[in-house]
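Below: one structure, written as structure tokens.
The values are calculated or read from the model by the stated rules, or taken from the named source; none is laboratory data. The shown structure was predicted, so the numbers you read here are calculated from the model rather than taken from an experiment. In this analysis, Cβ positions are derived from the backbone assuming ideal geometry, glycine residues included, and neighbour counts consider all displayed protein chains. Ligands, DNA and RNA are stripped out before the accessible areas are found, and what is left, the full protein with its side chains, is counted by its heavy atoms. Shrake-Rupley method; radii C 1.70, N 1.55, O 1.52, S 1.80 Å.
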Amino acid sequence: MPPMPESLPPKVKIAPPDEPLTDGVVTLRLWRSDDAPAIAAACQDPEIPRWTRVPSPYAEADARAWLAHDWECWASAEGAHFAVVDAASDKVLGSVGIVDFEWDDHRAEIGYWVAPWARRRGVARRAVCLLCTWAFAELEIVRLEILPDVRNVASIGVARACGFTDEGVRRKYMVIGVELCDCVSFSLLKGEHPV
Ligand SMILES: CC(C)(COP(=O)(O)OP(=O)(O)OC[C@H]1O[C@@H](n2cnc3c(N)ncnc32)[C@H](O)[C@@H]1OP(=O)(O)O)[C@@H](O)C(=O)NCCC(=O)NCCS
């Protein structure tokens, strides 16, 4: 095979952190194949397919297929998802990750869900903060975005709680469920977030 021309940009690579990311209350670790039942159980909650791209109905086989896709995303630098687990028990509490990288523009979009059994106790806020710290420190990323549907008050609350700036509404911006939705544009820049 001929050598790559030097003018081509190097292929972007991302490496998972050597150790899980933790603040002592929640831990972000890589997903494992034995997490599929917990993912499927959490995704029975209608709020998750309502506000994310998780399909409905959702079975354990869907979770296993998504896990395989997740590992491909890490390998191809297209996404970087973490299981959010209880720091003490390792129980699955949710999912957080970078769902879309725009490497040329040094920007990425964050997505998350928290299982119904773990909500309203700061799990999403803690998980997003840990993810931002890691992404700004380890990746060539300058801007992180959260794009919740304008009606998703819980996710808007998470973005605000994590210090993201509300930049206004992107009208008819993204298909969520079966609908083209208006989304709030939230961003956090490197340097705005303590590392
Ligand atoms: C959005 C979601 C991840 C929030 O998870 P969570 O762990 O319960 O959120 P937190 O406890 O960290 O909440 C942080 C802040 O967000 C706001 N918030 C969270 N849930 C809220 C709700 N149901 N109603 C109003 N505000 C809410 C609050 O301001 C909260 O701070 P407070 O509890 O100190 O008042 C969870 O409700 C969920 O999984 N929803 C379905 C999937 C989804 O919407 N994903 C995001 C797509 S953009």
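Key figures
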read-out: Flag for residue 122 being within 21 Å of residue 24 (Cα to Cα), within 10 Å of the ligand (Cβ to nearest atom) and over 11 Å from the mean Cα position of the chain (by Cα); value: yes
read-out: Count - residues of segment 31-43 that are surrounded by fewer than 16 Cβ atoms within 10 Å (Cβ to Cβ) and part of a helix (DSSP H, G or I); value: 3
read-out: Condition met for residue 185 (polar (S, T, N, Q) and within 13 Å of the ligand (Cβ to nearest atom)); value: yes
read-out: Failed item in (1) surrounded by 15 or more Cβ atoms within 10 Å (Cβ to Cβ); (2) under 26 Å from residue 173 (Cα atoms), with residue 46 passing the rest; value: (1)
read-out: Some residue of segment 184-192 being open to solvent by less than 50 Å² (accessible area, probe 1.4 Å) and more than 15 Å from residue 109 (Cβ to Cβ); value: no
read-out: Pair list, Cβ < 7 Å and 6+ apart or interchain, from segment 137-154 residues that are of a type in the set (S, T, N, Q) to residues that are within 11 Å of the ligand (Cβ to nearest atom); value: 152/51
read-out: Qualifying residue in segment 96-111 (condition: surrounded by fewer than 18 Cβ atoms within 10 Å (Cβ to Cβ) and touching a Lys or Arg at 6+ places or on another chain (Cβ under 7 Å)); value: yes
read-out: Selection within segment 144-158 - farther than 15 Å from residue 174 by Cα and either near the ligand (Cβ under 7 Å from one of its atoms) or open to solvent by 10 Å² or more (accessible area, probe 1.4 Å) (or both); value: 153, 154, 155, 156, 157, 158
read-out: Any chance residue 66 is more than 10 Å from the ligand (Cβ to nearest atom) and either under 14 Å from residue 31 (Cβ atoms) or surrounded by fewer than 18 Cβ atoms within 10 Å (Cβ to Cβ) (or both); value: yes
